[in-house]
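See structure below.
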Amino acid sequence: QKEVEQDPGPLSVPEGAIVSLNCTYSNSAFQYFMWYRQYSRKGPELLMYTYSSGNKEDGRFTAQVDKSSKYISLFIRDSQPSDSATYLCAILRIQGAQKLVFGQGTRLTINP
Amino acid sequence: DAGITQSPRHKVTETGTPVTLRCHQTENHRYMYWYRQDPGHGLRLIHYSYGVKDTDKGEVSDGYSVSRSKTEDFLLTLESATSSQTSVYFCAISEPEGAGVLTGELFFGEGSRLTVL
């Protein structure tokens, strides 16, 4: 069983739709939760970051963490074609050396 | 953009040949990482370094070696390339937690696309 599971999609939605991206994880030692965005043929870039259960908003993006269910989500409101990218959840494991464990990534396309 | 340069950006090689990928940073970050990215697997850690000459294995280290003789350079070597090592390789850097530093934030290079025939 992978430590972090993410539906790889692909996911295709019309412009303006609300997008929900999700990951589950198995290790309670995970403490920091992140979403990276990766445009085609580019390296990933940090999009959102949280270390507690609950919601965190940044513009049209909301990151949600439920530690009791080991479930994290990223919501995109009023989606734009420029949001088309692969979104990777990433969870930091702090047991000795810090290690970031990535989900498989979900490829998202926003259609004009 | 973080000052991370990967070279070469594209390489085609044959099975059994040695290959070295280079990552160069200008940020003076302590940690450097090599990941590979494959469809269905996401990013998987190959090796990482927490200082000059200090390296450790990641989850998919078999068939790979690394070296870090200077803070700014981290080399990934495939001693004898195999077709299963066809992938996109990403270098990343980070700083340990500290004042003004976001724990766990990695800065990635543009990737090196390797094809082993």
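The values are calculated or read from the model by the stated rules, or taken from the named source; none is laboratory data. Remember, it's a predicted structure, so these values are computed and weren't measured experimentally. Don't worry about glycine lacking a Cβ; one is built from the backbone with ideal geometry, like all the others, and counts go over all protein chains shown. Please note that ligands, DNA and RNA were not included when accessible areas were found on the heavy atoms of the full protein model with its side chains. Shrake-Rupley method; radii C 1.70, N 1.55, O 1.52, S 1.80 Å.
Remarks
- Counting the residues of the range A:54-105 that are within 15 Å of A:N22 (Cβ to Cβ), more than 14 Å from chain B (Cβ to nearest Cβ) and in a loop (DSSP other than H, G, I, E, B) gives 3.
- If you filter the range A:63-85 down to residues that are over 9 Å from the mean Cα position of the chain (by Cα) and open to solvent by less than 30 Å² (accessible area, probe 1.4 Å), you find that the one that is farthest from B:H41 (Cα to Cα) is A:S79.
- Matching residues, the range A:12-62, being open to solvent by 60 Å² or more (accessible area, probe 1.4 Å) and free of Cβ contacts under 8 Å to residues at least 12 places away in the same chain: A:R41, A:K42, A:E45, A:N55, A:K56, A:E57, A:D58
- Which listed residue is part of a loop (DSSP other than H, G, I, E, B), within 14 Å of chain A (Cβ to nearest Cβ) and at pLDDT 90 or above, from B:V88, B:V60: B:V60
- For the range B:34-44, the candidate set comprises residues that are more than 7 Å from chain A (Cβ to nearest Cβ) and of a type outside the set (S, T, Y); within that set, the residue that is most open to solvent (accessible area, probe 1.4 Å) is B:P39.
- Unique match (being over 24 Å from A:E3 (Cα atoms) and either among the hydroxyl-bearing types (S, T, Y) or more than 14 Å from the chain's Cα centre (by Cα) (or both)) among B:T55, B:T17: B:T17
- One residue alone among A:Y36, A:Y49, A:Y25 is more than 30 Å from B:C23 (Cα to Cα) and aromatic (F, W, Y), and that residue is A:Y25.
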